[in-house]
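The values are calculated or read from the model by the stated rules, or taken from the named source; none is laboratory data. These numbers come from a predicted model, not from an experiment. Backbone-built Cβ (ideal geometry, glycine too); neighbour counts: all protein chains shown.
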Amino acid sequence: MIPVQKTQIPGPGSIDLGARLRRCESRNVTFLSADFPVFWERAEGANVWDVDGNGYLDLTAGFGVAALGYSAPGIAAAASAQLERLPVGMGDVHPSLAKVALLEALSRLTFESWGRGGAKSILGCSGSDAVEAAMKTACLATGRPEIIAFRGSYHGLSYGALEATEMGNFRKPFREQMAGRVRFLPFPDCWRCPWGRGARSPSDCDAECRSALAAELKTILSQARVAAILVEPMLGRGGMIPPPDWFLPFLRAAADEEGVLLILDEIFTGFFRTGPRFACERWKVVPDLLCVGKPLGGGFPISACIGPKEVMDAWPESDGEALHTSTFLGSPLGCRMACAFLEAIEEQRPGLAVEEKGAALLAGLREMAAAGSPLRNVRGAGLFVGVEVTDEGGRPDPALAGKLVASLLKAGVILLAGGTDRHVLSFTPPLIITSEELDWSLRTLRSVLGRVVG
């Protein structure tokens, strides 16, 4: 649906709510300015309406959560029925049927489908929960304390996940409280090569970059303190960056050779966001542990760390007191919504045309990223796409990116700027977005770009 605006943006209702919010929320949580944000009231499909009745097309899917769109009928019906029947439970004491059904489905769609046999999972309430469960599992399975992660990564902001997050200023205020368990290596960003090889497409990445990474990795692994390599198959919040094709197979081989685990954080890239069910399938790489979340609950906060039996059984048998749990672990409501999401996305997968719509989005952005445009370095896979906003010298221009985001909002498009310099326009729309809606979004971006840049 093409959105329609009824008032100036933000409208009077959003302005009033912004003033009220400023008085009662920690000032570090929500960015408030004269033209940002708008306050949502309802949403359906790829559309959102604010409290003033203004419509928007959401190209973020609510941080990637609304993969099947907002208010997906099957998920909403499942949630309503479960809410009436059993909304809460005692997940690690007296579990629900929905918990068992979800765990079975996660096993079937991951390690069973990859030929590794049945899998076991630890459920959580956020992506951070899943990552921290994976980090703990790796420690138990190997008897080693350290993790290797990558610069530009984002794995969450609770303390364990924060240790493995290396972008922006998230760590800086709390650095003295970090335990120092994570060692960082460069992520092979071919558009801004960390080894000084110049900008290029991942398909043109050469052996020298691989050799440079191999040397750094070998130095760390030689100390025999590493339990796992933790990586996003494609950097998400760090800039929407697909790696060269050698990267994930290289990490898989290195992990096998050194006897460490490979943890893939597919919280953002999972469930057909990049085309295949999981991004790792693009390179035929099977992890030792898989972290999923975001769209899994169909809007309910739920996540999972999934692994084969031989890895997950590093955890001891429960003696009545779980070592890793929480009040809402295995929430009946969350598990039922997650089952409904998995059923729906598997059924709808053939008609989603994620790769086709993604190709059209990439093509449209590349047309705009012509000589003289501040847009450059268009990249992505499926409906996981980024484009850098730069100054005349090709340097990141976060101020201009922010102006474009604010101007797009006024034109009815919800978009975010990510990347370590906050200069990458990040496109992660609901997978059910139509080609017509994408075309309108591209036309709107072109128009806004002309007005803001001239």
Just to be sure I understand, how many residues within the stretch 307-331 are at positive phi and more than 27 Å from the chain's Cα centre (by Cα)?
1
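I need the full set of residues from the stretch 202-215 which are surrounded by fewer than 16 Cβ atoms within 10 Å (Cβ to Cβ) and either modelled with pLDDT of 95 or more or out of contact with any Lys or Arg (no Cβ under 8 Å at 6 or more places or on another chain) (or both), in order please. Please lay out each step first, then the result.
As a first pass, look at the stretch 202-215 and keep what is surrounded by fewer than 16 Cβ atoms within 10 Å (Cβ to Cβ): 203-204, 206-208, 211, 214-215.
Result: 203, 204, 207, 211, 214, 215.
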All but one of (1) modelled with pLDDT of 95 or more; (2) assigned to a helix (DSSP H, G or I) hold for residue 426; which doesn't?
(2)
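For the stretch 43-57, give me each residue that is within 16 Å of residue 69 (Cα to Cα) and in contact (Cβ under 8 Å) with a residue 12 or more places away in the chain.
Here is the first cut: in the stretch 43-57, the ones within 16 Å of residue 69 (Cα to Cα) are 43-49, 55-57.
The answer is 43, 44, 45, 46, 47, 48, 55, 56, 57.
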Given the conditions (1) at pLDDT 95 or above; (2) at negative phi, every one holds for residue 34 apart from (1)
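Out of all the residues in the stretch 75-98, is one or more within 15 Å of residue 296 (Cα to Cα) and either charged (D, E, K, R) or at pLDDT below 95 (or both)?
If we filter the stretch 75-98 for residues that are within 15 Å of residue 296 (Cα to Cα), which is where we start, we get 75-76, 78-79, 98.
Checking which are either charged (D, E, K, R) or at pLDDT below 95 (or both) leaves us with none.
Checking the stretch 75-98: not a single residue is within 15 Å of residue 296 (Cα to Cα) and either charged (D, E, K, R) or at pLDDT below 95 (or both).
Considering only the stretch 1-62, give the strands (runs of 3 or more DSSP E) lying wholly within it that have at least 3 residues that are buried (at least 17 other Cβ atoms within 10 Å of the Cβ). Break it down stepwise before answering.
Details: elements: 40-44, 47-50, 55-58.
Output list reads 47-50, 55-58.
Looking at this structure, is residue 371 closer than 30 Å to residue 422 by Cα, surrounded by fewer than 18 Cβ atoms within 10 Å (Cβ to Cβ), without any contact (Cβ under 8 Å) to a residue 40 or more places away in the chain and over 22 Å from the mean Cα position of the chain (by Cα)? Break it down into steps so the answer makes sense when it comes.
Numbers: closer than 30 Å to residue 422 by Cα: yes; surrounded by fewer than 18 Cβ atoms within 10 Å (Cβ to Cβ): yes; without any contact (Cβ under 8 Å) to a residue 40 or more places away in the chain: yes; over 22 Å from the mean Cα position of the chain (by Cα): yes.
Considered against the rule, which asks whether it is closer than 30 Å to residue 422 by Cα, surrounded by fewer than 18 Cβ atoms within 10 Å (Cβ to Cβ), without any contact (Cβ under 8 Å) to a residue 40 or more places away in the chain and over 22 Å from the mean Cα position of the chain (by Cα), residue 371 comes out as yes.
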Within the stretch 400-416, how many residues turn out to be surrounded by 20 or more Cβ atoms within 10 Å (Cβ to Cβ) and farther than 16 Å from residue 9 by Cα?
1
Residues satisfying the stated conditions in the stretch 150-183, i.e. out of contact with any strand residue (DSSP E or B) (no Cβ under 6 Å at 6 or more places or on another chain) and either β-branched (Val, Ile, Thr) or part of a helix (DSSP H, G or I) (or both):
159, 160, 161, 162, 165, 172, 173, 174, 175, 176, 177
Please verify whether residue 401 is over 21 Å from the mean Cα position of the chain (by Cα), small (Gly, Ala, Ser) and more than 22 Å from residue 294 (Cβ to Cβ), treating the condition exactly as stated.
no
Do we find a residue being touching a residue at least 60 places away in the same chain (Cβ under 8 Å), under 18 Å from residue 95 (Cα atoms) and surrounded by fewer than 20 Cβ atoms within 10 Å (Cβ to Cβ) anywhere in the stretch 329-350?
no
Determine, yes or no, whether residue 199 is surrounded by fewer than 16 Cβ atoms within 10 Å (Cβ to Cβ) and farther than 29 Å from residue 277 by Cα.
yes
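Kindly provide the set of residues from the stretch 63-91 that are assigned to a loop (DSSP other than H, G, I, E, B) and touching a helix residue (DSSP H, G or I) at 6+ places or on another chain (Cβ under 9 Å), ordered by number. Spell out the reasoning first.
Our first condition is that a residue be assigned to a loop (DSSP other than H, G, I, E, B); within the stretch 63-91, this holds for 65-69, 71-72, 86-89, 91.
Once the filter is applied, which keeps residues that are assigned to a loop (DSSP other than H, G, I, E, B) and touching a helix residue (DSSP H, G or I) at 6+ places or on another chain (Cβ under 9 Å), the stretch 63-91 yields 65, 66, 67, 68, 69, 72, 86, 87, 88, 89, 91.
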